[in-house]
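Below is one structure. I have some questions about it.
Derivation of every value follows stated rules applied to the coordinates shown; laboratory data play no part. From a predicted model like this one, the values you see are computed outputs, not experimental measurements. As a convention, Cβ positions derive from the backbone with ideal geometry for all residues, glycine included, and neighbour counts pool all protein chains shown.
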Amino acid sequence: MTDRKTLLDRLKKRELFDLLVIGGGATGCGIALDAASRGLSVALAEKGDFACGTSGRSTKLIHGGVRYLEAALLHQDRVQFNLVRDALHERGVLLRIAPHLCHRLTLVTPLYGAAQVPYVWAGLKIYDLLAGGAGLGRSRYLGRAEMLRRFPMVRGEGLKGGVLYYDGQFNDARMNLALALTAIREGAAVANHLEVVGLFREEGRVAGARVRERFSGETWEIRARCVVNACGPSADLLRRLDDPEAAPLLRVSSGIHIVLPREFAPADGGIMIPKTEDGRVLFILPWQGGCLVGTTDEPALPGENPAPCAEDVSYLLRHLARYFNLKVAPTDIKARWAGLRPLVHDPSAADTARLARDHVISCAPSGLITIAGGKWTTYRKMALDTVDYAVRTAGLSPHSGCRTDRIVLQGGEDFRNDAAASLVARFGLAEEEALHLHSSYGGRAEEVAQLCRGELKKRLVPGHPYLKGEVLYAVRLEMALRAADFLARRIPLALLDNRGAMTAAPAVLELMARELSWDEARVSEERQELDLRLGVAL
Ligand SMILES: Cc1cc2nc3c(=O)[nH]c(=O)nc-3n(C[C@H](O)[C@H](O)[C@H](O)COP(=O)(O)OP(=O)(O)OC[C@H]3O[C@@H](n4cnc5c(N)ncnc54)[C@H](O)[C@@H]3O)c2cc1C
């Protein structure tokens with residue numbers, strides 16, 4: 001039941017929850033799903049929208065992290081090694097529980113020095129071995145001629161060959177939403193646009209939080225036996241609501257992406273440069289009909305809507321020119337956005353690119369549990385560890401252990417690989433539109449298509465497969481409450497094509513205004529918010 005009013009009523013009326021989760025990114029929604037499916041009573045408050053933080057601004061790879069494997073081998077670092085092994089296991093689980101949102105992606109790493117060939121080849125063979133039964137296909141060596149034929153944008157001078165391997169790619173924002181909706185289905189009371197503005201204690205222990213609803217301004221208290229801080233890069237800000245003297249746990253780092261027209265990406269896969277001269281990783285990937293290029297890694301401060309700065313954009317353009325036969329002009333950039341990595345603080349590491357991407361669970365003297373670090377690929381393991389920890393320390397009584405490796409996420413239940421064709425036949429959709437509905441809504445695509453009739457069957461903007469009827473579906477069944485919730489997360493338009501999102505905005509505003517009974521003032525607030533945010537990221 002995704003009726004928000006009912007969910008808010010439950011959050012207001014229930015006297016005591018077992019668990020209150022603060023933050024509705026991948027980590028928070030993963031915890032809510034895990035705990036609710038073990039029979040615990042769960043509340044979750046997200047101050048913006050699901051995936052409005054880091055979880056909607058990732059590189060969209062479900063991966064073990066080839067680069068972390070290198071660090072593990074070079075430094076004989078057990079933490080990094082375990083992270084790669086766990087992540088490869090999780091990669092297999094995610095492809096299984098969200099088959100509509102995740103798929104296998106072919107990647108290639110070009111090799112230049114002769115010494116690199118056996119080194120990278122052996123590294124990727126270890127990657128295959130670590131994946132074990134969850135492997136997506138064997139990595140293999142490609143000769144120079146095959147590399148240049150299949151990946152003509154790779155620089156030819158000095159090229160020896162390449163190694164082809166497989167990882168996963170996914171729709172991060174819709175996966176985050178699917179986690180929230182599945183948690184609700186399992187009994188959790190989950191709300192977006194509900195901010196935690198304070199924490200309160202009873203007998204010295206944190207006993208709940210004061211929340212404020214974004215649109216009515218109403219505030220109330222939610223009481224819980226155990227409170228979990230899953231605020232990602234804002235985790236330290238939340239910890240200071242509990243203890244103003246709390247020492248920082250995180251080192252935040254920002255990473256940007258730019259999106260170029262599809263023709264800049266290889267026809268059948270992505271390219272990864274594992275180590276640029278300055279030690280960064282550079283990706284160029286096909287994604288949702290565009291070409292995704294990333295990323296950077298710069299120390300940053302926690303903030304709600306980080307904007308990619310001009311320097312970071314020129315850094316990516318410079319590196320594209322250095323590593324690829326691509327002439328990219330700033331005017332080719334269709335969209336850009338930045339995300340903040342919630343890295344676990346290590347006072348001895350000077351460079352954020354070298355901080356461990358593993359997660360830590362820390363408990364304050366008040367009992368407030370903070371989960372931080374990790375990566376998207378490992379959200380489920382992070383959730384499992386956090387719920388186990390909460391059960392132990394707060395004496396909760398779940399009726400079962402963790403089951404999330406078997407809970408198929410919303411949309412994945414009745415997913416059939418060949419269902420897009422029947423959407424074309426039954427609803428007269430163009431093939432591109434049917435494929436979009438199929439890979440976004442999975443087994444629920446028909447439900448969406450039913451809504452897309454008459455005027456609502458029209459596209460929101462030429463050149464993209466998004467349909468007007470999807471706006472109604474998002475409002476009615478997917479908790480979209482703001483225009484940006486729809487344009488940047490229910491569909492990825494704002495992250496793919498800023499100008500396209502601006503063109504679609506009036507129709508989205510009109511449909512949402514009608515559906516949600518917005519008055520003129522609210523429409524104009526939404527319009528201003530879009531004007532402010534579009535052009536960077538939402
Ligand atoms: C550039 C970049 C690329 C990445 N690429 C990948 C990748 O390809 N693959 C991968 O596996 N990982 C990747 N990651 C890492 C991954 O995206 C993050 O580890 C993950 O999304 C973190 O999720 P989270 O839920 O902890 O944080 P977030 O998604 O930031 O969620 C925290 C939430 O808490 C909410 N919040 C904050 N304060 C409050 C409050 N007071 N009350 C209520 N709610 C609050 C925020 O609004 C936010 O939604 C990438 C990260 C970056 C930055």
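Taking neighbour Cβ counts within 10 Å as the exposure measure, how do M175, M512 sort from fewest upward?
Fewest-to-most ranking of M175, M512: M512, M175.
Could you tell me how far the Cα centroid of region 314-337 sits from the Cα centroid of region 115-142, in Å?
Cα centres, region 115-142 to region 314-337: 29 Å.
If you average the C-alpha positions of region 39-111 and of region 236-261 separately, how far apart do those two centres end up, in angstrom?
Region 39-111 and region 236-261 have Cα centres separated by 19 Å.
For region 97-188, what does the equivalent ellipsoid look like in terms of its semi-axes, each the square root of 5 times an eigenvalue of the Cα gyration tensor, given largest first in whole Å?
Square roots of five times the eigenvalues give 36, 15, 9 Å.
On a straight-distance basis, which aspartates and glutamates could pair with K334 in a cross-link, Cα separation under 13 angstrom, same-chain partners fewer than 8 positions away excluded?
E263, D497
Below 8 Å between Cα atoms, with a sequence gap of 6+, how large is the relative contact order for the chain in percent?
Relative contact order of the chain: 19 percent.
Something else: As a test of the formula, what do you get for the chain when each DSSP H run with n ≥ 4 contributes -39,500 (n - 2.57) and the sum is divided by the residue count, at 222 nm and rounded to the nearest 500 deg cm²/dmol?
After summing the helix terms and dividing by residue count, I get -11500 deg cm²/dmol.
Further question: Given a cut-off of 25 Å, name the pairs among K275/K327; K13/K47; K60/K160 whose C-alpha atoms lie farther apart than that in the structure shown.
K60/K160
Applying 1/(1 + (r/R0)^6) with R0 = 30 Å to the Cβ-Cβ distance of E221 and A364, what FRET efficiency is obtained, to the nearest 0.05?
0.95
Residues with amide H under 5 Å of W287's amide H, sequence separation 5 or more or different chain, H placed in the peptide plane at 1.01 Å from N; which?
L292
Okay, next question. Please enumerate, by chain and number, the aspartates and glutamates with C-alpha under 13 Å from the C-alpha of K468, excluding those fewer than 8 residues away in the same chain.
E433, E455, E510, E515
Further question on the same structure: By counting other Cβ atoms within 10 Å of each Cβ, how are S517, S524, S366 ranked from fewest to most?
Lowest count first: S517, S524, S366.
Further question on the same structure: Please list log₁₀ I(q)/I(0) at q = 0.10, 0.15 Å⁻¹ for region 26-117, using the Debye equation with identical point scatterers on the alpha-carbon positions.
-0.41, -0.84
For the pair L532 and A421, how long in nm is the line joining their label points, each one 7 Å along Cα→Cβ?
Modelled inter-label distance: 4.9 nm.
Size of region 417-506 along its principal axes in angstrom, Cα-based, largest extent first?
Here the Cα extents, ordered largest to smallest, are 31, 26, 25 Å.
If you take the Cα atoms of the chain, find Rg, then find the Kirkwood Rh from the mean of 1/r over all pairs, what is Rg/Rh?
Reported Rg/Rh, Kirkwood definition of Rh: 0.95.
Is the shape of region 203-279 best called rounded, prolate or oblate, per the rule: a/c under 1.5 gives rounded, else a/b larger than b/c gives prolate, else oblate, with a ≥ b ≥ c the square roots of the Cα gyration tensor eigenvalues?
The shape class here is prolate.
Would region 474-538 count as rounded, prolate or oblate if I go by the C-alpha gyration tensor, calling it rounded below 1.5 in a/c and otherwise prolate when a/b exceeds b/c, oblate otherwise?
oblate
If R0 is 25 Å, what FRET efficiency do you get for Y119 and R149 from their C-beta distance, rounded to 0.05?
In this case the efficiency is close to 0.55.
By count of other Cβ within 10 Å, fewest leading, how are L44, L61, L20, L340 ordered?
Ascending Cβ contact count within 10 Å gives the list L340, L61, L20, L44.
A further question on this structure: Tell me, what is the Rg over Rh of region 3-161, with Rh the Kirkwood radius over Cα pairs?
So for region 3-161, dividing Rg by the Kirkwood Rh gives 1.12.
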